[in-house]
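Undergrad: One structure follows; several queries about it will come next.
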Amino acid sequence: MSEKSARSVTVERTSTGHFVATNARGGTISFGTGSDSEFTPVELLLAALAGCTAVDVDLATTRHAEPDSFSVEASGNKVNDELGNRLTDLAVAFTVTFPDGEGADRARTILPRAVKTSHDRLCTVSRTVEIGTPVTATVEDA
């Protein structure tokens, strides 16, 4: 794997049930067990699904017009069955409006195609989830 393709985050425990993830650029996000307003890991996964496609669609549509509103909702059902804990029925729904005008008309026209292209080819997060990439968990020496 090259440096260009490698991605990683580090998660540090800050207190019982509370953690901070740090990326290679120094950005941080706190999360926890859901006992307060912090995002849970499941909510972060949903945010990643919505966010990944949102970035792709935003880049494609805003070349033509700035949206009046741009909202993306990711949802799913958390289940515990014979396969263990997991999410089912994952969905990403866009609600986007554009002002009047020629550029906005083009943006409205390409919106469905941009969403489909992101889902089918571009969004690393949804592609990884749909393909079912294996995850390896290890314990490293301290």
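The values are calculated or read from the model by the stated rules, or taken from the named source; none is laboratory data. It should be emphasised that the depicted structure is a prediction, and the values quoted were computed from it without experimental measurement. Every residue, glycine as well, gets a Cβ built from its backbone with ideal geometry; the counts of neighbours run over all protein chains shown. For the accessible areas, the whole protein counts, side chains as well, though only heavy atoms, and no ligand, DNA or RNA atoms are used. Shrake-Rupley method; radii C 1.70, N 1.55, O 1.52, S 1.80 Å.
Undergrad: List, please: which pairs have Cβ atoms under 9 Å, are six or more places apart or on different chains, and start with a residue in the range 109-135 that is within 15 Å of L87 (Cα to Cα) and open to solvent by less than 100 Å² (accessible area, probe 1.4 Å) and end with one that is among the β-branched types (V, I, T) and part of a helix (DSSP H, G or I)?
TA: Cβ pairs passing all conditions: V125/T53; S126/T53.
Undergrad: Out of everything in the range 67-90 that is open to solvent by less than 40 Å² (accessible area, probe 1.4 Å) and not hydrophobic (A, V, I, L, M, F, W, C), what residue ends up being nearest to V129 (Cα to Cα)?
TA: T88
Undergrad: Within the range 75-96, track down each residue that is among the polar types (S, T, N, Q) and either within 26 Å of A21 (Cβ to Cβ) or part of a helix (DSSP H, G or I) (or both). It would help to see each step written out before you state the result.
TA: Quick first cut of the range 75-96, residues among the polar types (S, T, N, Q) only: 75, 77, 80, 85, 88, 95.
Answer for the range 75-96, where residues must be among the polar types (S, T, N, Q) and either within 26 Å of A21 (Cβ to Cβ) or part of a helix (DSSP H, G or I) (or both): S75, N77, N80, N85, T88.
Undergrad: A follow-up question, please. Is one or more of the residues making up the range 53-61 surrounded by 11 or more Cβ atoms within 10 Å (Cβ to Cβ), among the hydroxyl-bearing types (S, T, Y) and in contact with an Asp or Glu (Cβ under 7 Å, 6 or more places away or on another chain)? Break it down into steps so the answer makes sense when it comes.
TA: First pass over the range 53-61, keeping only residues surrounded by 11 or more Cβ atoms within 10 Å (Cβ to Cβ): 53-61.
When the remaining residues are screened for being among the hydroxyl-bearing types (S, T, Y), the result is 53, 61.
Remaining after also requiring in contact with an Asp or Glu (Cβ under 7 Å, 6 or more places away or on another chain): none.
Scanning the range 53-61, I find no residue that is surrounded by 11 or more Cβ atoms within 10 Å (Cβ to Cβ), among the hydroxyl-bearing types (S, T, Y) and in contact with an Asp or Glu (Cβ under 7 Å, 6 or more places away or on another chain), so the answer is no.
Undergrad: How many residues does the range 121-142 hold that are over 13 Å from V57 (Cβ atoms), aliphatic (A, V, I, L, M) and assigned to a helix (DSSP H, G or I)?
TA: 3
Undergrad: Take T133 and tell me if it is at pLDDT below 95 and β-branched (V, I, T). First the steps, then the outcome.
TA: Details: at pLDDT below 95: yes; β-branched (V, I, T): yes.
Yes; evaluated as a whole, the condition is true for this residue.
Undergrad: Suppose the filter is assigned to a strand (DSSP E or B) and hydroxyl-bearing (S, T, Y); does T109 pass it?
TA: Working: assigned to a strand (DSSP E or B): no; hydroxyl-bearing (S, T, Y): yes.
For T109, the condition - assigned to a strand (DSSP E or B) and hydroxyl-bearing (S, T, Y) - is not met.
Undergrad: Let me ask something else. Here are the criteria: (1) among the hydroxyl-bearing types (S, T, Y); (2) touching a helix residue (DSSP H, G or I) at 6+ places or on another chain (Cβ under 7 Å); (3) outside any helix (DSSP H, G or I). Tell me which single one S118 does not satisfy.
TA: Every condition holds for S118 apart from (3).
Undergrad: Can you find, within the range 2-52, the residue that is surrounded by the most Cβ atoms within 10 Å (Cβ to Cβ) among those that are part of a loop (DSSP other than H, G, I, E, B) and among the polar types (S, T, N, Q)?
TA: Start the filter on the range 2-52 by keeping residues that are part of a loop (DSSP other than H, G, I, E, B), which leaves 2-8, 16-17, 24-27, 33-38, 40.
Subset that is among the polar types (S, T, N, Q): 2, 5, 8, 16, 33, 35, 37, 40.
Numbers: S2: 5, S5: 6, S8: 7, T16: 8, T33: 12, S35: 10, S37: 6, T40: 14.
Top of the filtered list is T40.
Undergrad: Exactly one condition in (1) loosely packed, with under 12 Cβ neighbours inside 10 Å; (2) touching a helix residue (DSSP H, G or I) at 6+ places or on another chain (Cβ under 8 Å) is not met by H64; state its number.
TA: With respect to (1) loosely packed, with under 12 Cβ neighbours inside 10 Å; (2) touching a helix residue (DSSP H, G or I) at 6+ places or on another chain (Cβ under 8 Å), H64 is out only on (1).
Undergrad: Hey, could you check the range 91-102 for residues that are of a type outside the set (S, T, Y) and surrounded by fewer than 16 Cβ atoms within 10 Å (Cβ to Cβ) and say which is nearest to V55 (Cα to Cα)? Show your work before the answer.
TA: Applying the first criterion (of a type outside the set (S, T, Y)) to the range 91-102 yields 91-94, 96, 98-102.
Subset that is surrounded by fewer than 16 Cβ atoms within 10 Å (Cβ to Cβ): 91, 93, 99-102.
On the way: A91: 16, A93: 14, P99: 20, D100: 23, G101: 23, E102: 23 Å.
Checked the range 91-102; the qualifying residue nearest to V55 (Cα to Cα) is A93.
Undergrad: Mind listing whichever residues of the range 56-74 are hydrophobic (A, V, I, L, M, F, W, C) and either touching a residue at least 12 places away in the same chain (Cβ under 8 Å) or in a loop (DSSP other than H, G, I, E, B) (or both)? I'd like the intermediate steps shown before the answer.
TA: Applying the first criterion (hydrophobic (A, V, I, L, M, F, W, C)) to the range 56-74 yields 57, 59-60, 65, 70, 72, 74.
Across the range 56-74, the qualifying residues are V57, A60, A65, F70, V72, A74.
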